[in-house]
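Asker: Would you mind keeping the following structure in view while I ask a few things?
The values are calculated or read from the model by the stated rules, or taken from the named source; none is laboratory data. Computed from a prediction, not measured in an experiment: that's the story for all the values here. Here the Cβ positions follow ideal geometry from the backbone for every residue, glycine too, while neighbour counts run over all protein chains shown.
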There are 2 protein chains.
Amino acid sequence: MTYCVALKVGAGMVFASDSRTNAGFDQISTFRKMVVYERPGDRFMVLLSSGNLSISQSVREILQVERVPGPGAEATTIWNATSMFDAARVLGQAVRHVYDLDGPSLRAAGIDYGCTLIFGGQIAGEAMRLFLVYSTGNFIEATAETCYFQIGESKYGKPVLDRMLVPSTPLADAAKCALVSIDSTLKSNLSVGLPIDLVVYREGALHSDDMVCIDEDNPYFSMIRESWGQRLREAFESIDNPSWDAGAARYPLEVPSRRYDVLTKITDPGEKMI
Amino acid sequence: MTYCVALKVGAGMVFASDSRTNAGFDQISTFRKMVVYERPGDRFMVLLSSGNLSISQSVREILQVERVPGPGAEATTIWNATSMFDAARVLGQAVRHVYDLDGPSLRAAGIDYGCTLIFGGQIAGEAMRLFLVYSTGNFIEATAETCYFQIGESKYGKPVLDRMLVPSTPLADAAKCALVSIDSTLKSNLSVGLPIDLVVYREGALHSDDMVCIDEDNPYFSMIRESWGQRLREAFESIDNPSWDAGAARYPLEVPSRRYDVLTKITDPGEKMI
């Protein structure tokens, strides 16, 4: 499977992706799911991909070597687009183009050929923007209320994003948040795996050298993996246990609900359920 | 949707279930998903259900008012079964019976009629046992390595179980663990909702009065909801931020991977991806 996450806060953007692909449990490979496009001082863009690998690789190839055919997009590439919105449209056209080429055969073979992309960055003169591009080539944009996108195995890593991330989160915290989110996912889903590609982009920079490939030897990520589990255990232990002795408890558990009764036990065969 | 979880530790068992059902977002209802069967001193059993509500309600009804037809099960009910394994077989037969009755019509209408059950408890003379019963009536049993089962929306609430729960966990901690797991699920999935039914069973007791229906006014659960989020934030903040300045960091982030290069940026149109 895949886990990719991208965050946009006021101070910048963070992109992180795992690199495991699988076609059955005995066919596990490492493919990196991030591409960084940069023309320093002019534009900085990152593409993360999930889903069918042949589709997403074809999309990436097309973005680089061909002009994408399609209405209104003949002359636009991600390199001459004047806005991230236009660049996202080029990407959507590339996705549709690959589906036109490969979709019918894959569909006929009953193969899952979904492909979902995250695309974000900044073009000179415009604010940073972050998009989620669907298999059908249309896309949505992150906003202040929802300032991150995930693709692939998203559930395990979502709670920490929901709890920690707001647009005012400092960039370093946002990067830590992305790595904790990935750690939670790695822990629960074997089909998400190292190495992780991490890119941090500072608002307005129009380039970034803050790129790292994180494997099992990375000191910072190893610390996160160890500390986060330990801190979660400490947090868990610091919370009072429930007590069935209402008198003794600071936060009693056994108080009647105003609207609902405690379940009636069924105590004899033939007795009806309440 | 649904979230139910059952834990078996050495000291006892914990069962917890939410009570939201939905048939589309504008058809949200409250149905409780737990049934407690008890004959004090002889047996104590709890059934949790997820999936198609009409199927699971029919299964529950059949368990109480009819003998389940089926090979070898004619004379066995959950009330006269001499082992939890036999009781689980009765439950599996009941599931198959309902599928025989309702399955063809539901299938013809293209309706999802899955139904997954958790069934656990203790019968005098035997150890506690915990089963997960599939739509097809077969079942698996929890072991020391995997001492819990979840049904429904399981992913958000799984990390805390994986990190905190072992067979030696005290019963009160196990109950807290179940409630934290439910809190995480409630926070991330709107289709899981209050009230929560919670039952705690002490090993060997063969009855339990530790049953509560938890709604938004419950002091203990409100404390969990507030404290857990707060403690997670503190845990998060207590971890060092990543630093791109390798010299200054206790746990440097930017160290080369031994096996993989940092991604090569694509800097010009037409240049090939590395």
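Asker: Out of all the residues in the stretch A:211-223, which are over 19 Å from the mean Cα position of the chain (by Cα) and of a type outside the set (A, V, I, L, M, F, W, C)?
Answerer: If the condition is that a residue be over 19 Å from the mean Cα position of the chain (by Cα) and of a type outside the set (A, V, I, L, M, F, W, C), then A:Glu216, A:Asp217, A:Asn218, A:Pro219, A:Tyr220, A:Ser222 are the ones that fit.
Asker: Restricting to the stretch A:112-162, name every residue that is in a helix (DSSP H, G or I) and within 24 Å of A:Arg202 (Cβ to Cβ).
Answerer: A:Val160, A:Leu161, listed by residue number.
Asker: So B:Ile140 clears everything in (1) surrounded by fewer than 18 Cβ atoms within 10 Å (Cβ to Cβ); (2) within 19 Å of A:Ser238 (Cβ to Cβ); (3) aliphatic (A, V, I, L, M) except one condition, right? Which one?
Answerer: The one condition B:Ile140 does not meet is (2).
Asker: Being in contact with a Phe, Trp or Tyr (Cβ under 7 Å, 6 or more places away or on another chain) and either over 30 Å from A:Arg60 (Cβ atoms) or more than 7 Å from chain A (Cβ to nearest Cβ) (or both), is that true of even one residue in the stretch B:251-264?
Answerer: Yes; the residues of the stretch B:251-264 include at least one that is in contact with a Phe, Trp or Tyr (Cβ under 7 Å, 6 or more places away or on another chain) and either over 30 Å from A:Arg60 (Cβ atoms) or more than 7 Å from chain A (Cβ to nearest Cβ) (or both).
Asker: Collect the residues in the stretch A:86-121 that are among the basic types (Lys, Arg) and in contact with a strand residue (DSSP E or B) (Cβ under 9 Å, 6 or more places away or on another chain), keeping them in residue-number order.
Answerer: Within the stretch A:86-121, just A:Arg89 meets the criteria.
Asker: If B:Ser227 satisfies every condition in (1) closer than 30 Å to B:Asp42 by Cα; (2) facing chain A (nearest Cβ under 7 Å) but one, which is the exception?
Answerer: Of everything listed in (1) closer than 30 Å to B:Asp42 by Cα; (2) facing chain A (nearest Cβ under 7 Å), B:Ser227 misses just condition (1).
Asker: Let me ask something else. State which residue is nearest to A:Lys158 (Cα to Cα) when the search covers only the stretch B:181-200 and only residues that are part of a helix (DSSP H, G or I) and facing another protein chain (nearest Cβ under 7 Å).
Answerer: It comes out as B:Ser188.
Asker: With B:Lys187, B:Lys158, B:Lys176 as the choices, which residue is surrounded by 21 or more Cβ atoms within 10 Å (Cβ to Cβ) and under 25 Å from B:Ile28 (Cα atoms)?
Answerer: Going through B:Lys187, B:Lys158, B:Lys176 in turn, just one is surrounded by 21 or more Cβ atoms within 10 Å (Cβ to Cβ) and under 25 Å from B:Ile28 (Cα atoms): B:Lys158.
Asker: Got a number for residues in the stretch A:106-123 being aromatic (Phe, Trp, Tyr) and modelled with pLDDT under 90?
Answerer: Of the residues in the stretch A:106-123, 1 are aromatic (Phe, Trp, Tyr) and modelled with pLDDT under 90.
Asker: Of all residues in the stretch A:51-86, which are among the hydrophobic types (A, V, I, L, M, F, W, C), at pLDDT below 90 and part of a loop (DSSP other than H, G, I, E, B)?
Answerer: Selection gives A:Val68, A:Ala73, A:Ala75.
Asker: Looking only at the stretch A:201-208, decide whether some residue is at the interface with another protein chain (Cβ under 10 Å from one of its Cβ atoms) and either surrounded by 23 or more Cβ atoms within 10 Å (Cβ to Cβ) or under 17 Å from the mean Cα position of the chain (by Cα) (or both).
Answerer: No - not one qualifying residue is present in the stretch A:201-208.
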